Each structure stands twice: as structure tokens, then as C-alpha cells.
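K.L.:
Handing you a structure now.
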Amino acid sequence: MRRVDAAWTAVLTAVILGPLLTGWGFWLFGDMVFVPEQPWKDAWLGLDGTLPRAVPMDAIVSVLTQVLPGELVQRLFLVGAFLAGGIGAGFFVGRHGTPARLAAITLMLWNPWVYERLLMGQWAILSGYLLLPWVALASLRMRRDLRRGAPAVAVALVLSAVCSPSSGLMAALVVVVLGLRRSVAHIAVTAGLIVVANLPWLLPSLLADASADAGSDVFDAFAARAESSLGALASLFSLGGTWKTSIVPEERTSALIVLLSCALTVVALLGLLRRPRPRLLLLAGISFFLAALPVLPGGDALLEAIGDVVPAAAILRDSHRFLAPAILALLPGIAGAVTWAREQVRPGREAMWSVVGVLVVAPILLLPSLAWGSLGVLDNSTYPDDWQAVADHLEENGPGRSVVLPWAGSYRGYDWNDRRAVLDPAPRYLPGDVLIDDRLFVDGSTIPSEDPLLDDVAEALEAEDSASALRELGVRWVVVERGMRSGPVPSGTTVHDGEDLTLVDLGTDVISENRESGSTTLILLGHILASGMLLGSLFLLGFRPEGERRRVTPSR
């Protein structure tokens, strides 16, 4: 590993994550939810019958927070992911000189896709993106030598699938496009590795009792959006275009900035022509098509048709995230462009050094808002004492099943978190089966709940005797998050009444009901197979026969 690559990666990581690294507490916004100690739940392995959006990442976080503070776990994941992404980008363009490698590292870590995923709090999906250079390197190695490359591909696939289902699918796409050869052995091994690596989330998603209508408005609601007057396709071509327009940085609303960002993409594609790599161009084309599909003529209808047949396809919503693998074509492209500019430097043309420098820092100049916690928008927060008090009470008195009010969607704006919208932390902070309203409200559209039980809870809360109706659903506790309009609270015994949380006991005469998948054994087998493949592949990567350790010096 080149020290300069690692140093530049560390500098960019520190500039992006600065506020998180210079203080204590948590970054809590969007989907980024970490807690001091995340209790273990069957849901972390997808055993509760619901769609597995964070399986098995939540299981890993839960285990880690048993031995490390949650604040440290969050920092380790984020810093580790950025370091892995930058160093991986440097290795991916390793044949180029230092300026070219630094340009690739900058583009990998500093672009609109990274900004938008970070501001949405999608740290796990961002981590999967930052693993892509390593997935690509492993894929190319397997294409050269199936036997020696397969273990590396297996490790890369499992780690990507751990991050998120979409990360697992993106890694699979990279492996198929870059690593597959037209032979029975390659096809069989590749298919087997992809399937086994993704079993931990694939089996629970196929077996989940999901009630969401994936074919209704879900794909349109999460389709790519135009950030400027140039339209959605221009935003996508410049690595932007998220559906969540509220987090788009100010500079990205400028047609000039988006146009210059598109020009940077063109420069990278031209740089790739110095050493044509058709597979990388194919990968970029597929990624762009998948990201743009909902806004292409007939694309939304096609996705809706798929959703009607396979409701679990809702887990693949937000097509914009599948733009990520396109970066693998732009990395060697921007490195090639910098290499060309460097080759033009000679006496009388020293000004070409400025072109080299501009290409290295262009992503930063075009997106300054990514610096320092998005220029101070992201700040550290700590949970009020009420949260731990309620968690301790539930732990001591049998957590049972809890309902969290207000029943008004899954995102919250707490005073103690500067009103930043964040996915309700209660299911990860509090022990037991914690139910929140998981409906999403996007631009006037309502994405319905994916869990059939939550529809029953909504009806119970509207009942005349809501406490009895909830008890029939196995609910003993009601957690009321203060500072927001919660509506009527079911009658019961208030056992904790703090400034931030109220805990109401509905009584012990509840109907006991366990939430678990009917295929627990099969799901656990999927976890075992994926874990076994990961451990076995790591062993093979670390083991070299004695004959391969010796360097044979060719005779002259």
C-alpha cells in the first residue's frame, strides 16, 4: 500500500467526517441510527417475518455494542469504510502515477452520490459502495484465474451483502460483468458464490409476510429527480439525482455546476479510452440504465409490473443507489486523464501542471458542501437520560411488546437532536419487540407499512378501548416520545414520566405472541452457509502452498 494514497484518503476522510471525529456523541439523521448499546433481537437475523432491510448488519452492530460504546462503533464503521474506499480506489488504478491515483481517490470519496447517501444517513449502503473497488479487483483476479480468484470474490461478496441487500446486488453485478467468463465452471462458481453470499437477506425477504404493495407508488416515489434545470438524466450522469430533494446541496441546483460535473464525467470517459476497457463501460452503462429506469419511458410501468408479481421487490426501491458501480469506470478514466495531462508537462508547457491539479481537486471544487459534516449541518447528539431509564425498566420487568407513539410515520425530529429528521431509534435502543409506524411520506405520497401487524396496531389505536385492543395484539407497553403531537394515549399505569419519554404499562394480562418466521431453520442455515463461505475463503486467502511462497528466479 502506498503511503501517499493512505495519507490522502485519511485527509479526505477527516475533512468529510470532521465534526464526528472531534467530539463525542452520535450522528443521528436520516437512516443513520446508532445507540449506546443495541440489544440482541431475532429481527437482526431476519427471524421475525418482516422484510430484512438491515440484515445482518444490525446483528453485527448489536454484538459490537456489547463490548464497545455505540459512539465508537459508529466512528469505526464510517472511518473504516471511507479508508477502505479510498485505498481500494488507489489499488484499482495502481498502474498510474501518484497524481492520477490521488485524482481517483478524490473522485471515489467526494462526489454527489456519496454526499446524498451520507445526508440520507444510509451509512451501510455507503459502506457497500466504498467496497466496490475491492469487489472489482477480486472479480478481475477471478477472471484471470478461477481457482485463485474465487476466494477473494467470495469475501468481497459476503462483506458487500452484509452492508445491505442493494450492496449485495451491486457487488453481484460487478462480479458478473467484470469477472465472468463463458465457461461452465466460471458460470457455476460465480452463481454459487453470489447466491450463498446473499442468503442472509435473500431468504428472509422471500419468506417475509410483507403487506406493502410494491407495485403501487413505491418506485415512482423513489425515482431519480432533477437537481437543476438540466433534468434528471444530467443529474445522474454527474453522479447525483437523488429522490430526496430536501438534502440536495445548494450548488447542485445550479445548472452550471451540474454541467461542469457532467464535463468531469466526460473527461473521465475520454481518459478511459487511452486504454479501452469494454467491460467497465458496460458496467457503467448498466448502472446508469438501472438508475434512470423509473424516469425512462415505460420504466415505471415495468417496475410496477415486477412489484405486482413479487411484492418483496419493494426492498429494491430507490433505483438511484444502483448508479454506484458506474464509479468503477470513472476511476481509471480520471486517472488516465490525469496521466495524459502529466505527460504533456515539458519545458515551455509547465502550465499543464495546473490542469493536473485541477483534475485532482475538481470533485471538491464542484461540491464544497461535503466538507466538515456537510458544512456543519451534521452535529453530534446524545440521548437524554430518559431513554436509558425506559430501556432499563423494560429489561427489568420483561420487555414484551411495545408500541411507540406518536403513530405518525417512522421519522422523528427531536429537540435534543436539533430537530433533524431521524429514523425512530426506539427499536434499536429499547429491548423487546418494539413497533413503530413504518409508513413513509414522500412528496404527498404515502408508502404503506410493510408489516401486517402494524396495520392491526393502527386499527387498535383507533378503537374505543385502545388499551384492550393492543393487549389482544400482545402489546404491554406504550412508549410516548414527548415534544410531538401523539394523540390519545391508551389508558394504563404510567411507570415513567420524563421530559423526553413516557412509559405506560397496559397490564400483564396480554395475549403472548411470538413474532418469528415460519422458516427459522432455513434462514439460520443461510447465515451459516454465508459465514462458512466467508471464513473458508479467508483461510484460503491466507494459505499458500510452500511451492507458491518461493520466488523462482528465471535463468539467464
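K.L.:
I'd like to know which of Phe237, Leu17, Pro133 lies farthest towards the positive end of the charge dipole of the chain, counting +1 on Cβ of Lys and Arg and -1 on Cβ of Asp and Glu.
P.N.:
Pro133
K.L.:
In whole percent, how big is the carbon plus sulfur part of the accessible area of the chain, probe 1.4 Å, protein atoms only? Don't skip to the answer; put the middle values down first.
P.N.:
On the way: 14190 of 23560 Å².
Roughly 60 percent of what the probe reaches on the chain is carbon or sulfur.
K.L.:
Right, here's the next one. If amide hydrogens are placed 1.01 Å from N in the peptide plane, which non-local residues have theirs closer than 5 Å to the one on Leu440?
P.N.:
Correct list: Ile447.
K.L.:
When the Karplus curve 6.51 cos²θ - 1.76 cosθ + 1.60 is applied with θ = phi - 60°, which whole-Hz ³J(HN,Hα) does each residue of segment 273-278 get, with x for Gly and Pro?
P.N.:
6, 4, 9, x, 10, x
K.L.:
So, one more: Using the per-residue mean of other Cβ atoms lying within 10 Å as a proxy for protection, in what order, highest first, do the peptides 142-151, 188-197, 37-46 fall?
P.N.:
In decreasing order of mean packing, 142-151, 188-197, 37-46 become 37-46, 188-197, 142-151.
K.L.:
Taking 0.36 nm per intervening residue step and subtracting the Cα-Cα distance, what contour gain separates Arg3 from Val361 on full extension?
P.N.:
Full extension of this stretch gives 127.0 nm more.
K.L.:
What net charge is computed for the residues neighbouring Leu264, neighbours being all others with C-beta under 14 Å from the C-beta of Leu264, Lys and Arg scored +1, Asp and Glu -1?
P.N.:
0
K.L.:
While we're looking at this one, here's another question. Give, in nm to one decimal, the length gained when the segment between Leu68 and Thr446 is fully stretched (0.36 nm per residue of separation minus the Cα-Cα distance).
P.N.:
132.3 nm
K.L.:
Considering the dipole of segment 213-274 built from charges on the beta carbon (Lys and Arg +1, Asp and Glu -1) around the Cα centre, which of Leu269, Leu256, Ala226 is farthest to its positive end?
P.N.:
Towards the positive end, the residue furthest out is Leu269.
K.L.:
Next question, about the same structure. How many nm is it between the label spots at Ala263 and Val195, if each spot is 7 Å from the Cα in line with the beta carbon?
P.N.:
5.0 nm
K.L.:
Let me ask something additional. Rounded to the nearest 10 Å², what accessible area does Glu395 have for a 1.4 Å probe in the complete protein model?
P.N.:
Taking all protein chains as shown, Glu395 has close to 120 Å².
K.L.:
What is the distance in Å between the Cα centres of segment 125-165 and segment 456-489?
P.N.:
46 Å
K.L.:
Please compute the modelled spin-label separation between Thr521 and Ala305, points set 7 Å along Cα→Cβ, answer in nm with one decimal.
P.N.:
Spacing of the two 7 Å Cα→Cβ label points: 4.0 nm.
K.L.:
Another question, if that's okay. For segment 33-148, compute Rh as the Kirkwood radius over C-alpha pairs and then the Stokes-Einstein diffusion coefficient at 25 °C and 0.890 mPa s; write the answer in µm²/s, rounded to an integer.
P.N.:
Calculated translational D: 152 µm²/s.
K.L.:
To continue, here is another question. Normalised by the number of residues in the chain, what is the relative contact order in percent for Cα pairs under 8 Å and 6+ residues apart?
P.N.:
For the chain, the relative contact order is 20 percent.
K.L.:
List every residue whose amide H lies under 5 Å from the amide H of Leu501, counting only residues 5 or more places away in sequence or on a different chain, with H placed 1.01 Å from N in the peptide plane.
P.N.:
Distant-sequence amide H within range of Leu501: Arg482.
K.L.:
Still on this model: So how strong a dipole does segment 223-309 carry about its Cα centre when Lys and Arg Cβ are +1 and Asp and Glu Cβ are -1, to the nearest 20 debye? Present the calculation step by step, with values, prior to reporting the outcome.
P.N.:
Numbers: 7 positive and 6 negative charges, 117 e Å.
Approximately 560 debye in magnitude.
K.L.:
Leaving out ligands and nucleic acids, note down the accessible area per residue over the chain with a 1.4 angstrom probe, in whole Å². Can you show the working numbers first?
P.N.:
Details: 23560 Å² over 556 residues.
Using a 1.4 Å probe on heavy atoms only, each residue of the chain averages 42 Å².
K.L.:
Read phi for every residue in segment 81-96 and hand back ³J(HN,Hα) as whole Hz from Karplus 6.51 cos²θ - 1.76 cosθ + 1.60, θ = phi - 60°, with x for Gly and Pro.
P.N.:
Working through the residues one at a time gives 5, 5, 5, 5, x, x, 5, x, 4, x, 5, 5, 10, x, 6, 8 Hz.
The values are calculated or read from the model by the stated rules, or taken from the named source; none is laboratory data. On a predicted model such as this, the values are computed, not experimentally measured, just so you know. Here the Cβ is made from the backbone with ideal geometry for all residues, glycine too, and neighbour counts use every protein chain on show. These accessible areas exclude ligands, DNA and RNA; they are computed on the full protein's heavy atoms, side chains included. Shrake-Rupley method; radii C 1.70, N 1.55, O 1.52, S 1.80 Å.
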